[in-house]
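Here the structure comes first, spelled out in structure tokens, and everything after it is commentary.
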Amino acid sequence: MSKAITFSEYGAPEVLRLSEVTPPEPGPGQVRVKVKAATVNPIDMKIRSGRMAHMAPADFPVIPGLDAAGVVDAVGEGADAMTGDEVLGATVAGSYAEYALLEGPVTKPGALPWEVAASLVTVGRTAARVLGQSGVRAGQTLLIHGAAGSVGVIAVQLAAARGITVIGTAGERNLERVTGLGATAVRYGDDWAERVKAAAPGGVDFVFDTSGAGVLADSVALTGDAGKVITIADMTAAQHGVRFSAGTSEQSGESLPELVQLAAAGKLTVPVWRTYPLAEAAEAHADLEAHRNQGKAVLVP
């Protein structure tokens, strides 16, 4: 037996429990890892609270978590890894655990800390996916809402590295941080659209909303075309004619190896705010829901 965080009903962070579970066995193409780090993502809270139940009802008990980094200790038929390899990737059945299953594991460079490796998976792939869907290119201007958030910070860096002019909205305390990532930082709040216009007198070519903070109508007005706005966080997207980008259009994770190499080379910053012992997963959820974090929260079994 091994330990994992589970929940058997929807609710507040307190429904998360440290439980004894049977370690999962890898299927074809899968590997089992001894987890060194598992990331806490905002969607984990949505699933735990029941806000996603209408889309994907839970099969209790649930082990939360979408991604992990660890050491391979069992290999399924046809898996592209060997026992002892250090890898990261998306998990099959939850990552808040001592052992987890990965599909399509990516090798972790020795220079990359475990916490950073785990933090790259979901948010990195999301940022890369939406930038690809947007079609925004060098010389154009991209507005990123929530530029200081976990997806936003990666999207800012990837876009800036491609020669795209980036405007990033953020709270007062994060403006300097967003500027340091390569964007023109704009304070979020009342009249944010006017401040964006002042920062981008040539106009905004595309908007990437990572915040879900009710910015879609003004974003469409800024671009003049709902087709030039994508959100990953605002469930009212359809009401504005805006595309909601969910899941991944690249299940094999084509972008992840590149993201890993950029991070290992120091060319991509992934801020890790705090690590928690596995047993303190409920505290991690509470901290994120209260917006106390300034970077990724990571569980360390």
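Brief remarks on what is shown
- Only one of the numbered conditions (1) touching a residue at least 24 places away in the same chain (Cβ under 8 Å); (2) assigned to a loop (DSSP other than H, G, I, E, B); (3) over 18 Å from Ala284 (Cβ atoms) is not met by Thr83, and that is (1).
- Hey, Val151 within 30 Å of Gly84 (Cβ to Cβ), crowded, with 24+ Cβ neighbours inside 10 Å and not acidic (Asp, Glu) or not: no
- Candidates Val298, Val270, filtered to the one that is outside any helix (DSSP H, G or I), touching a Phe, Trp or Tyr at 6+ places or on another chain (Cβ under 9 Å) and closer than 23 Å to Pro109 by Cβ: Val298
- Any hit, segment 164-171, residues being under 20 Å from Asp205 (Cα atoms) and not β-branched (Val, Ile, Thr): yes
- Count of residues meeting criterion [at negative phi and either at pLDDT below 95 or assigned to a loop (DSSP other than H, G, I, E, B) (or both)] in segment 133-150: 8
- Within segment 95-131, the set of residues being of a type in the set (Lys, Arg), touching a Leu at 6+ places or on another chain (Cβ under 9 Å) and not in a loop (DSSP other than H, G, I, E, B) comprises Arg125 only.
- Flag if Gly78 is in a loop (DSSP other than H, G, I, E, B) and under 23 Å from Pro277 (Cβ atoms): no
- Residue match in segment 99-107 (condition: closer than 28 Å to Ser8 by Cβ, among the aliphatic types (A, V, I, L, M) and modelled with pLDDT under 95): no
- Restricting attention to segment 76-108, the residues that are surrounded by fewer than 19 Cβ atoms within 10 Å (Cβ to Cβ) and either within 17 Å of the chain's Cα centre (by Cα) or over 23 Å from Leu262 (Cβ atoms) (or both) total 9.
- The lone criterion from (1) modelled with pLDDT of 95 or more; (2) under 22 Å from the mean Cα position of the chain (by Cα); (3) farther than 20 Å from Thr275 by Cα left unmet by Ala53 is number (1).
- Residues that are part of a strand (DSSP E or B) and touching a residue at least 40 places away in the same chain (Cβ under 8 Å), drawn from segment 151-174: Thr169
- Output for segment 1-49, where each listed residue is basic (Lys, Arg) and either surrounded by fewer than 18 Cβ atoms within 10 Å (Cβ to Cβ) or not assigned by TED's automatic domain parsing to the domain that holds Asp73 (or both): Lys3, Arg17, Lys34, Lys46
- Search result, residues across segment 255-301 that are on the phi > 0 side of the Ramachandran plot and either at pLDDT 95 or above or more than 17 Å from the chain's Cα centre (by Cα) (or both): Gly266
The values are calculated or read from the model by the stated rules, or taken from the named source; none is laboratory data. Please read these numbers as outputs of a predicted model, since none were measured by experiment. Methodologically, a virtual Cβ is constructed for each residue, glycine included, from the backbone with ideal geometry; neighbour enumeration extends over all protein chains shown.
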